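S.K.: Dropping a structure here in C-alpha cells format, bear with me for questions.
The values are calculated or read from the model by the stated rules, or taken from the named source; none is laboratory data. Just so we're clear, the structure is a prediction, and the values are computed from it rather than from any experiment. Counting neighbours? That spans all protein chains shown, and the Cβs are built from the backbone with ideal geometry, glycine included.
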Amino acid sequence: MELENWSNIRDKFTDNILLGNGASIAIDERLSYRSLYKRVCKSGGLNREIIKMFEYFKTTNFEFIMKLLLEASRVNKILEIDDDKTRDYYHQIRDSLIDTVRHIHPICQNVKHRLCRIAEFLANFHTVLSLNYDLLVYWSMLVGNDNLDCQWFKDGFIKEGGEFERDFTFLYKPRPPARGATLVFYPHGSLFLATDIDGNEKKLSHDEDERLLGTVLARWKERDYIPLFVSEGGTTEKFHAITRSDYLTTVYDFVLRKITGSLVIYGWSASDQDEHIFNAIDHKGISDIAVSVHKKNPDWESYCEEIANRIALTHNLKNVNLYFFDSRCEGCWIF
C-alpha cells in the first residue's frame, strides 16, 4: 500500500484538523501517556482511601473527584461540621497531579524550536481541534501570533476573567492586519483551562509563554482551581465528563458536530476510548478525510484497513474521499 505525500493533497485540506496524542509524542515521548491516573498512583501520592473513591464512582478523571471533595469540604464548613479529611484528600490529589504533570510535561524552552513550525502548519486550517491536554498547541498559537504580528490564532476565551465566548463564530472573520484566522478548540480540555469553586470555567494565562506551565500549576495550588481536562477512561466516561462542562459541551455540540468540508486526522488512533469523537463527526457535512500514518509502526497497513472499514460502515461518512499520508512528510506538523 502506498501512502500519499502531504504536499500532493494539502491544497484539498484547509478546513479542519483533529490532533491526537501522536502529535504530542512526536515532540516529546514523555507525553505518551497511557494513563495519567496510573502515573499518579504509581508515584504513591494517592492513599488507599482516595483510590477507593475513584473506584466507587467508576472514574479515573481527576476533575470529577477533586470537585466532589472541594464541594464536600465547602458544605461541611457551611454546616459547621468538623471535617479536615475531605480538604486534606483534595490537597493530596492536587499535589500529586501537579508533581506528575511537572515531571512529564516539557518546558517551553526545550520545545520552542518546534513551535514555529507547528504554527506555520496549523495556520493553514480554519479550525484546529486538539484532543491533548498538554500546552504544545497553545504555545504554538502564541508563537504564531507573535511571528505574524497579528491575532491569527484565536481560542474564544475573550470574555472578562478569561471566560469563553459561546457565540464565537464572528472570530473566524480576520482581524486586520491578519489576512485569515484559525480557531483552536480543545474537546477534552487542556492544562490551561480550569474551573473555580463556583463552577466558572476560565483560561489560565501568563504574559510570558515560558512561564505558563508554572503559572498553571501554581494557580491550581493557590486558588483551588480544578483542572479542566479529560485524559482518562472509556468513551462513556469521557462523554459524561464533557457534559459536566459548559465549554466542553459547546465544543462538542457546536464545533465537532458542525464541521464541514475537509478533515485531517493527525496522530489520533480513533480507538474505542474516543468513540464519542467519531460519533460527533459522523454527519453529512464532511467531504474529504485525510488520516496520518506512522510508517515506523509495523502494523500501519492494518491500521489503514481498520480505519477505511470503519469509515465505510459509518452511515454519513461512507461516501467521503479517504486519503492516508505519511505523518512525517515534509511540511507536516513538525517535519
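S.K.: Could you please tell me which pairs satisfy a Cβ distance under 7 Å, a separation of 6+ or placement on different chains, a first residue in region 2-28 that is in contact (Cβ under 8 Å) with a residue 60 or more places away in the chain, and a second residue that is of a type in the set (D, E, K, R) and in a helix (DSSP H, G or I)?
M.R.: Going by the 7 Å Cβ cut-off, the qualifying pairs are I27/R114.
S.K.: Can you go through K85, K42, K58, K77 and tell me which one is within 26 Å of Q273 (Cα to Cα), loosely packed, with under 14 Cβ neighbours inside 10 Å and without any contact (Cβ under 8 Å) to a residue 12 or more places away in the chain?
M.R.: Values: K85 fails: within 26 Å of Q273 (Cα to Cα); K58 fails: without any contact (Cβ under 8 Å) to a residue 12 or more places away in the chain; K77 fails: within 26 Å of Q273 (Cα to Cα).
Among K85, K42, K58, K77, only K42 is within 26 Å of Q273 (Cα to Cα), loosely packed, with under 14 Cβ neighbours inside 10 Å and without any contact (Cβ under 8 Å) to a residue 12 or more places away in the chain.
S.K.: Hey, among the residues in region 124-163 that are at pLDDT 95 or above and part of a strand (DSSP E or B), which one's surrounded by the fewest Cβ atoms within 10 Å (Cβ to Cβ)?
M.R.: It comes out as K154.
Yes/no matrix, rows are residues, columns are (1) assigned to a loop (DSSP other than H, G, I, E, B); (2) aromatic (F, W, Y); (3) touching a strand residue (DSSP E or B) at 6+ places or on another chain (Cβ under 7 Å):
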position	(1), (2), (3)
F170	no, yes, no
P174	yes, no, no
P177	yes, no, no
S190	no, no, yes
D198	yes, no, no
K202	no, no, yes
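S.K.: Which one of T235, T249, T243 is surrounded by fewer than 18 Cβ atoms within 10 Å (Cβ to Cβ), within 30 Å of Y89 (Cβ to Cβ) and at pLDDT 95 or above? Give the steps one after another, and end with the answer.
M.R.: Numbers: T235 fails: at pLDDT 95 or above; T243 fails: at pLDDT 95 or above.
Exactly one of T235, T249, T243 is surrounded by fewer than 18 Cβ atoms within 10 Å (Cβ to Cβ), within 30 Å of Y89 (Cβ to Cβ) and at pLDDT 95 or above, namely T249.
S.K.: With H126, H91, H113 as the choices, which residue is closer than 30 Å to P177 by Cβ, over 21 Å from the mean Cα position of the chain (by Cα) and of a type outside the set (D, E)?
M.R.: On the way: H126 fails: over 21 Å from the mean Cα position of the chain (by Cα); H91 fails: closer than 30 Å to P177 by Cβ.
Every option except H113 fails the conditions.
S.K.: Go through region 280-303 and give me each residue that's assigned to a loop (DSSP other than H, G, I, E, B) and either free of Cβ contacts under 8 Å to residues at least 40 places away in the same chain or under 19 Å from P187 (Cα atoms) (or both).
M.R.: The initial filter retains those residues of region 280-303 that are assigned to a loop (DSSP other than H, G, I, E, B), namely 281-285, 294-299.
Matches in region 280-303: I281, D282, H283, K284, G285, K296, N297, P298, D299.
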